[in-house]
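Here's the structure, in C-alpha cells; my notes come after.
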Amino acid sequence: MNGFCKPNESFAMNVEGDVGADPFWCAECGCNFDIEEMPISQELKLEWGQWASEYGKWIDWSLDQLIPNGIAMEEEHNKQGQQVTDRTKGELGGKYRITFSASTMGRRYACKNQS
C-alpha cells in the first residue's frame, strides 16, 4: 500500500485504471491500495488484476499514439471495469462507497493526434 490509509479504515474508494498500479484508490487522500489488502474474494482480486493488466493496451506506447480500434478497446475495458465494480460492491455489501472512473485516455490521444 502507498499512502496513509488502509482499505479497512477508508470507506470511500475510487476504482480507476493506471499503468502499473492496482485499481483501488482512497477517495479522500488519493493513496493507492494494494489489491491483496482489499477485503474481497480471491476471485475478484484475480479479476481486478487481469483488468488492471489490460489498462492502456489501446495505446502504442513506442509511438505515443492510439492504435486502430483503440477507442472501442477502451470502451470495452471501461464496461468490464464497471461490471467488476458492481460485483465488488455486491460482495462488500454496502460497507464501502465505491466509484468507478472510466478511462478517457484514448479519447485524449485521439484528439491529440487530430491536431
key: Subset of the stretch 58-87 that is among the charged types (D, E, K, R) and at pLDDT 95 or above - its residue that is nearest to A21 (Cα to Cα)   = E74
L63 vs. criteria in a loop (DSSP other than H, G, I, E, B) and of a type in the set (A, V, I, L, M, F, W, C) = yes
task = Kindly list the number of the only condition in (1) within 13 Å of the chain's Cα centre (by Cα); (2) in a loop (DSSP other than H, G, I, E, B); (3) surrounded by 13 or more Cβ atoms within 10 Å (Cβ to Cβ) that fails for V19.
result = (3)
inquiry  = Any residue at all in the stretch 40-60 that's loosely packed, with under 15 Cβ neighbours inside 10 Å and over 30 Å from K95 (Cβ atoms)?
reply    = yes
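The values are calculated or read from the model by the stated rules, or taken from the named source; none is laboratory data. Everything numeric in this text was worked out from a predicted model, so none of it was measured. All Cβ positions, even for glycine, are placed from backbone atoms using ideal geometry, and neighbour counts span all protein chains on display.
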